[in-house]
Amino acid sequence: MTSFGEQFYTKLSNEDDARLCVEIGADACRETPRSFKLILVSSFLTKLGDAIASPKTTLAWLCTALGAPAFVLGFLVPIRESGSMLPQLFIGSAIRSLTIRKWVWVAGACGQFLCVAGIGMVAFFLDGSAAGWAILGLITLFSLARSLCSVASKDVLGKTIPKSKRGQLTGWSASAAGLISVCVGVALLMPAAAKLETALLGMLLVAASLLWLLAAGLYARVIEYPGETGGGRNAFEAWKNLRILRDDRPFRLFVITRALLMCSALSAPFFVALAQTNIQSQAFVLGAFVVAAGLADLVSAPVWGWFADVSSRRVMIVAALVTSTVGILTLLVDLSLPGLSGSDWFLPCAYFVLSVAHSGVRVGRKTYVVNLASGNQRTDYVSVSNSVIGVMLLLVGSVGALAPIIGNAGVIGLLALMGLAGALLGTQLPEVDST
């Protein structure tokens with residue numbers, strides 16, 4: 001009789017009785033339904049935690065409510081994202097020496113649990129500058145713990161899930177997170193959201209931290225068989241991994257393409273800022289944009305996932321073209337039709353399309369880098385690419401300094417040109433998704 005786990009796996013992945021496993025052993029293949037379920041639910045729980053403890057919403061509100069200095073708000077997102085990417089060049093090499101790598105993910109999830117719980121405690125006991133610095137410090141530690149999960153998750157995924165199912169797992173996980181984001185956005189649209197007190201936010205964050213602890217417990221049950229080690233190297237020797245960028249042309253093209261595709265993420269805050277200026281209703285803007293992003297993940301991520309299993313390269317190209325199109329359209333509308341740009345529906349709808357494209361970028365590039373590599377090479381690819389992107393994120397993120405000169409719409413248009421360049425370069429990438 002088929003177990004519930006296998007039925008769950010079959011329904012979500014559209015798996016037939018004849019299971020096709022590529023690049024994983026027979027033992028791992030037999031455990032695929034169990035691994036698929038556990039990794040999917042663990043990822044969903046952490047994404048739910050991310051939605052509740054988002055630096056763009058909850059943490060920003062908390063900092064303002066506690067009277068933290070204004071500069072703290074500007075550092076929340078960059079530290080959270082880049083701080084989780086930059087260390088990966090070093091920890092990726094260390095992780096290579098481990099025959100079982102799921103425990104790295106478990107340790108990272110436990111670290112995130114402690115950090116989010118700590119931020120919740122800040123809401124109860126600190127305020128002003130002390131609260132701001134404490135939150136920044138905990139966000140930094142949170143991002144370091146997140147970097148452990150980032151490297152380990154892709155490596156465990158490559159060892160436990162067949163190549164043809166990895167995109168679907170990523171897509172369903174993002175879709176589930178989208179559903180939660182919609183709920184969070186609807187809550188923000190309610191009048192009561194404006195009356196949230198710091199103590200309530202603190203309790204919300206402490207409760208959210210438990211999601212990472214639960215995820216760690218589930219992930220620990222994933223059946224991962226020993227293997228794919230090539231000997232660990234110390235942190236200084238890890239710098240040698242950068243030679244991959246010089247010697248491996250397909251990987252170099254992927255990293256450059258991924259850097260250009262950052263436009264989908266970097267554009268988002270400027271859509272929100274443009275709406276705040278044009279619509280002049282912060283409460284509505286915040287709720288509408290969170291709902292738009294959540295709906296985009298909910299409806300598009302599974303489709304992107306299935307598309308990525310056919311060709312993750314084409315997913316990245318299409319997503320880049322959609323990003324560029326909506327960016328250029330938004331710029332033209334803002335310049336020539338200010339009434340339409342200031343309407344209640346245009347910018348939230350444009351942000352929805354942008355979010356659909358960003359979901360495609362995420363699913364496509366995650367699937368592509370896992371399928372591009374094999375064995376020990378996978379950890380090096382993930383760690384080097386994420387570390388390089390972490391640096392580029394900080395550098396390209398400075399484009400925001402142009403906003404006072406060319407306006408928010410101008411920045412959106414400039415980033416749209418990055419997307420066009422990324423789509424063009426993406427056509428030079430080799431196909432890696434054949435099974």
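The values are calculated or read from the model by the stated rules, or taken from the named source; none is laboratory data. In this text the structure is predicted, and so the values were computed from the model without any measurement. Cβ placement follows ideal geometry from the backbone for every residue including glycine, while neighbour counts extend to all protein chains displayed. Just the protein is used for accessible areas: all its heavy atoms, side chains included, with ligands, DNA and RNA removed. Shrake-Rupley method; radii C 1.70, N 1.55, O 1.52, S 1.80 Å.
Overview of results
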item	result
Separation of the LEU200 and ILE100 label points, Cα + 7 Å toward Cβ, nm	4.5
Segment LEU402-PHE75, length gained on full extension (0.36 nm per residue, minus Cα span)	115.9 nm
Peptide ranges 149-155, 198-204 listed from the most packed, as the mean C-beta count within 10 angstrom indicates	149-155, 198-204
Farthest positive-ward along the stretch 89-161 dipole, Cα basis, beta-carbon charges - from CYS115, LEU126, ILE100	ILE100
Convex hull volume of the stretch 270-366 per residue (C-alpha atoms, cubic angstrom)	77
Accessible heavy-atom area order of LEU242, LEU429, highest first, probe of 1.4 Å	LEU242, LEU429
Hz values of 3J(HN,Hα) by residue in the stretch 339-352 - Karplus curve (6.51, -1.76, 1.60), Gly and Pro given as x	x, 5, 5, x, 6, 6, 10, 5, 5, x, 5, 5, 5, 4
Cα convex hull of the stretch 295-435, projected area averaged across orientations, nm²	9.4
